[in-house]
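Let me begin by presenting the structure, written as structure tokens, before commenting on it.
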There are 2 protein chains.
Amino acid sequence: MTPRLLVATANRHKTAEIREILGGTWETFDLHDHAAGAQAEENGATFEANAQIKALAAAARFDGIVLADDSGLEVDPLGGQPGVRSARYAGPGADDAANRARLLAELRKTGIAPSEWTARFRCVIALARQNEVLGVFHGTVEGRIGEKEQGEGGFGYDPLFFPDGFALTFAQLSGAEKNAISHRGRALRAAADHLESLRSPRR
Amino acid sequence: MTPRLLVATANRHKTAEIREILGGTWETFDLHDHAAGAQAEENGATFEANAQIKALAAAARFDGIVLADDSGLEVDPLGGQPGVRSARYAGPGADDAANRARLLAELRKTGIAPSEWTARFRCVIALARQNEVLGVFHGTVEGRIGEKEQGEGGFGYDPLFFPDGFALTFAQLSGAEKNAISHRGRALRAAADHLESLRSPRR
């Protein structure tokens, strides 16, 4: 029997990426599929707090393992912003395009040369079961912000993010290429290793 | 130097009880005193999830140890209600008197004899530092619900709760008597032992 894993997000893009990376090992579904309550408010000031808060809130309503992600973009010339505010940088309920437009506007305001628009995506994954956090896993990818959007793939800030060593943005890479180096891919593989150890504890 | 402990609650009654129990060992202050962000929403379905969510949300904004409490009353003839909804049983923002009135009304509706209105207070304390839950501690006190309010002390459902072995409600006991047997007293003493071990890890 394929074990069930609840991904505590209402973001279909994230669920899709997580499915790609976890492959067929787990039957994943998300908060659209399961009435494990509304997504928890992200009141934490860090990715780590937010991921654990989301995981615990869903796990208390679900009989099984819950995986929650919190992630965002830290831009050096902006002092690490938007960080935990990445998804709502242009205001509550802002869409990806509005968030990207604000990011470019803020960067231009700094007067700092685009060659120095260094940044990193960070992802924190928390696993929880019932009332317990089972583990917290980190992934980071360093890169820089481009002056204009490039590519149609991905979501969020992907069309603006050039991972180090690549002349293409995350939105121009294939899903598999992006997952191999991305913040979420790295955190998820660490989480997946831990999930595997939970399945076969005596191994 | 007295170490600082942030009590992640905006309920002054809870902070006062926690101060009484922890004594002079810790300099306690609460969310009225420290801008560690608004109290986290209690989205969890269990005391355990809520306590950890509140502790993590505050700890991400505070340089030190955070203690968060979640607690409530489980009434057997009501199938464990109001439980995690104890503080808002009569609706959002309801005061203690309204919550008590609803409790008595619901109990009378059941037709079950008051001698069988058994209940328990449960308290869960979570300790967190930065992004990590340091421990989760439980306390329970068994008792029964009285047919009318008695006593002026305490808060919440105290005037209706007769702890087992006592002919007085929590609101008729002194603070010290209540703390000695209460759910919060028990959970806090377990948490205090753990806090003490954090202060002197080599002992």
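Can you find, within region A:36-56, the residue that is nearest to B:Leu56 (Cα to Cα) among those that are facing chain B (nearest Cβ under 7 Å) and modelled with pLDDT of 90 or more?
Ranking the candidates gives A:Ala49 first.
Within region A:174-195, does at least one residue satisfy the condition of being surrounded by 16 or more Cβ atoms within 10 Å (Cβ to Cβ), over 16 Å from the mean Cα position of the chain (by Cα) and among the hydroxyl-bearing types (Ser, Thr, Tyr)?
no
Counting only residues that are within 20 Å of A:His13 (Cβ to Cβ) and assigned to a helix (DSSP H, G or I), how many does region A:158-203 have?
Number satisfying all stated conditions: 19.
Could you list, in sequence order, the residues of region B:80-100 that are assigned to a loop (DSSP other than H, G, I, E, B), over 16 Å from B:Cys123 (Cα atoms) and open to solvent by 30 Å² or more (accessible area, probe 1.4 Å)? Spell out how you get there, then give the answer.
Taking region B:80-100 first, the residues assigned to a loop (DSSP other than H, G, I, E, B) are B:80-81, B:89-95.
This time we only want the ones that are over 16 Å from B:Cys123 (Cα atoms), so: B:89-95.
Hits for region B:80-100 are B:Ala90, B:Pro92, B:Gly93, B:Asp95.
Look through region A:64-79, keep the residues that are open to solvent by 10 Å² or more (accessible area, probe 1.4 Å) and under 16 Å from the mean Cα position of the chain (by Cα), and return whichever of them is farthest from B:Lys54 (Cα to Cα). Steps first, answer last, please.
Of all residues in region A:64-79, those open to solvent by 10 Å² or more (accessible area, probe 1.4 Å) come to A:64-65, A:71, A:74, A:76-79.
With the extra rule that they be under 16 Å from the mean Cα position of the chain (by Cα), the set shrinks to A:71, A:74.
Working: A:Ser71: 20, A:Glu74: 25 Å.
Restricting to residues being open to solvent by 10 Å² or more (accessible area, probe 1.4 Å) and under 16 Å from the mean Cα position of the chain (by Cα), the top hit is A:Glu74.
If you scan region A:104-121, which residues turn out to be open to solvent by less than 50 Å² (accessible area, probe 1.4 Å) and not small (Gly, Ala, Ser)? Lay out the reasoning, then the answer.
Initial filter on region A:104-121 (open to solvent by less than 50 Å² (accessible area, probe 1.4 Å)): A:104-107, A:113-114, A:117, A:119-121.
Scanning region A:104-121 gives A:Leu104, A:Glu106, A:Leu107, A:Pro114, A:Trp117, A:Arg120, A:Phe121.
Of the conditions (1) of a type outside the set (Lys, Arg); (2) within 14 Å of another protein chain (Cβ to nearest Cβ); (3) touching a Pro at 6+ places or on another chain (Cβ under 9 Å), A:Asp70 satisfies every one except a single condition; which number is it?
(3)
Hey, could you check region B:125-137 for residues that are open to solvent by less than 30 Å² (accessible area, probe 1.4 Å) and within 11 Å of another protein chain (Cβ to nearest Cβ) and say which is nearest to B:Arg184 (Cα to Cα)?
Result: B:Ala126.
Out of curiosity, is A:Arg61 more than 19 Å from A:Gly185 (Cα to Cα), within 12 Å of another protein chain (Cβ to nearest Cβ), open to solvent by 50 Å² or more (accessible area, probe 1.4 Å) and at pLDDT 85 or above? Before the answer, list the steps.
On the way: more than 19 Å from A:Gly185 (Cα to Cα): yes; within 12 Å of another protein chain (Cβ to nearest Cβ): yes; open to solvent by 50 Å² or more (accessible area, probe 1.4 Å): yes; at pLDDT 85 or above: yes.
Taking the combined requirement at face value, the residue satisfies it.
Right, B:Ala94: under 20 Å from the mean Cα position of the chain (by Cα), at pLDDT below 95 and away from chain A (no Cβ under 14 Å) or not?
Judged against the criteria, B:Ala94 is a match.
I'd like to check something: does region A:138-157 contain any residue that is under 30 Å from B:Glu48 (Cβ atoms), away from chain B (no Cβ under 14 Å) and either assigned to a strand (DSSP E or B) or open to solvent by 40 Å² or more (accessible area, probe 1.4 Å) (or both)?
yes
The values are calculated or read from the model by the stated rules, or taken from the named source; none is laboratory data. Predicted model, so just to flag it, every value in this text is computed and none were measured. With ideal geometry, Cβ positions are generated from the backbone for all residues, glycine too; neighbour counts draw on all protein chains shown. Note: accessible area is taken over every heavy atom of the protein model, side chains too, but ligands, DNA and RNA are not part of it. Shrake-Rupley method; radii C 1.70, N 1.55, O 1.52, S 1.80 Å.
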